[in-house]
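Engineer: What follows is a structure written as structure tokens; I'll ask about it next.
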Amino acid sequence: MTLEHLVANYGSFGLFVGASLEGEASAMLGGILSHQHLIEFWPAIIALALGSFLADQVFFLLGHGGRNSAIVRSVQGSAAGGRVVTTFNAHPDVFAFSLRFLYGLRTAGAVTIGTTDYPWPRFILLNALSALIWALAWVTLGYLFGQALAPLFERLSGYSHFIWA
């Protein structure tokens, strides 16, 4: 099932699921579909923000509850995990808020923060704010460039199995 198919058949719920799997592409697609009046603008933002927020909460809880698990150790042992620890220790609140915008560090960041003593209520607040800003920014970008980007997504839809890999 392609991202386009998921969103076309399930609307906002498809965006919600897509945000946790392929965030920026889903958000951009939400903006494009909103531009084409196939989905409403604000419900797209809310669905994407919630999907992205919940995915990062799951990764945080994975780190928190599974500090000694093989999965968490492999994330922390990766190159991204090392960068996360260094950056997080220097600026914990800034990093917790901005990790969604740091390409390649989102999953490792949330897992690693979960392994620390960082307060869960603070992570919830910063994660929610950043998810809302992230969704608003990407959906707006997709909306503004919707007419120009729609043909690109149509051409790429035949290659979605390569993109998912």
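Values quoted throughout were computed directly from the atomic coordinates according to the rules given, and no laboratory measurement underlies them. Since we're looking at a predicted model, the values are computed, not measured. Here the Cβ positions follow ideal geometry from the backbone for every residue, glycine too, while neighbour counts run over all protein chains shown.
Engineer: Taking neighbour counts of Cβ atoms within 10 Å as a proxy for exposure, in what order, fewest first, do 93, 56 appear?
Structural biologist: In order of increasing Cβ crowding within 10 Å: 93, 56.
Engineer: Among 88, 13, what is the fewest-to-most ranking by other Cβ atoms within 10 Å?
Structural biologist: Least to most surrounded, the residues fall as 13, 88.
Engineer: Taking other Cβ within 10 Å of each residue's Cβ, how do 139, 94 sort, fewest first?
Structural biologist: 94, 139
Engineer: Still on this structure, I have one more. Subtracting the Cα-Cα distance from 0.36 nm times the residue separation, let me have the gained length for residue 120 to residue 103 in nm, one decimal.
Structural biologist: 3.8 nm
Engineer: Relative to the present Cα-Cα distance, how much length would full extension add between residue 13 and residue 36 at 0.36 nm per residue of separation?
Structural biologist: Between residue 13 and residue 36, full extension yields 6.5 nm more.
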